[in-house]
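Engineer: Quick one: the structure is below, questions incoming.
The values are calculated or read from the model by the stated rules, or taken from the named source; none is laboratory data. Predicted, not measured: the structure shown is a model, and the values here were computed from it. Cβ atoms come from the backbone with ideal geometry, glycine included; neighbour counts cover every protein chain shown.
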Ligand SMILES: [Zn+2]
Ligand SMILES: [Zn+2]
């Protein structure tokens, strides 16, 4: 991922803490619009300068053409308060060979998937298996992508519980691997809406963990009960039902 430096020099008499708070809000608007990833921004004040260092999927994620109305409004507000212009520049990337997210001209399908450590996009491309920047999708709701990001944090909270093992492990696992759980219903609904908006088939990733791996191979689709094994493993997926729009893996447990 790329690391961006967003900063402003305060050239007015307004309170630095006030600008800091507004800057904080700007960071959350960037996040809700899919332009920055995670909540890791290392925002700080040094003399008259406020700086934040968010992660982004693309070099130009924070380019004006990707902004929504809230981002633009807050940039203007901060600039007026500070009597200065916000500066945005890319200062580095996490891995030398990181080349950005999906650039497929047209994806054959998308997948809604995340996990408890991910700060990437919860939408990936079925062709290249890379992240799809949310701001490249049609606006989902209220100029941004909040419902998708809410599902993402709900999923991550369940995944965290099942990884930590001691509190609500079984409950969390059921949320993640049953198709009729509140979590899965929310995710499947989001997939339907993304598909309506983009006309790209969108699959819900169904977590699969079983005590006994044997018999998992022939397990039918949990919604329609039909065979859903992929002939060849695709990326890391073993099951895919084109009727029910769900995709899954054989249990890693042996
Ligand atoms: Zn792609
Ligand atoms: Zn099915």
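Engineer: Out of segment 147-172, which residues are more than 12 Å from residue 114 (Cα to Cα) and surrounded by 15 or more Cβ atoms within 10 Å (Cβ to Cβ)?
Structural biologist: Hits for segment 147-172 are 147, 161, 162, 168, 172.
Engineer: I'm trying to understand the selection: among the residues of segment 68-114, which are within 21 Å of residue 137 (Cα to Cα) and in contact with a helix residue (DSSP H, G or I) (Cβ under 6 Å, 6 or more places away or on another chain)?
Structural biologist: Correct list: 70, 71, 112, 114.
Engineer: Another question, then. Looking at (1) at pLDDT below 95; (2) under 14 Å from the mean Cα position of the chain (by Cα), which one does residue 33 not meet, given that it meets all the others?
Structural biologist: Looking at each condition in turn, residue 33 falls short on (1).
Engineer: I would also like to ask the following. With (1) in contact (Cβ under 8 Å) with a residue 40 or more places away in the chain; (2) surrounded by fewer than 15 Cβ atoms within 10 Å (Cβ to Cβ) as the list, and residue 4 as the residue in question, which single condition is left unmet?
Structural biologist: Single failed check for residue 4: (2).
Engineer: Test each condition in (1) part of a loop (DSSP other than H, G, I, E, B); (2) without any contact (Cβ under 8 Å) to a residue 24 or more places away in the chain; (3) surrounded by 13 or more Cβ atoms within 10 Å (Cβ to Cβ) for residue 251 and report the one that comes out false.
Structural biologist: (2)
Engineer: Could you check, for segment 173-182, whether at least one of its residues is closer than 29 Å to residue 106 by Cα, touching a residue at least 40 places away in the same chain (Cβ under 8 Å) and within 16 Å of ligand 1 (Cβ to nearest atom)?
Structural biologist: No, segment 173-182 has no match at all.
Engineer: Cβ-Cβ under 7 Å, sequence separation 6+ or interchain: first residue in segment 143-159 and in the same structural domain as residue 170 (by TED's automatic domain parsing) and on the phi > 0 side of the Ramachandran plot, partner assigned to a helix (DSSP H, G or I) and surrounded by fewer than 22 Cβ atoms within 10 Å (Cβ to Cβ). Which pairs?
Structural biologist: These pairs meet every condition: 143/69; 143/70.
Engineer: Continuing with this model, one more query. In segment 96-152, what residues are assigned to a loop (DSSP other than H, G, I, E, B), more than 16 Å from ligand 1 (Cβ to nearest atom) and over 12 Å from the mean Cα position of the chain (by Cα)?
Structural biologist: 96, 97, 138, 139, 140, 142, 143
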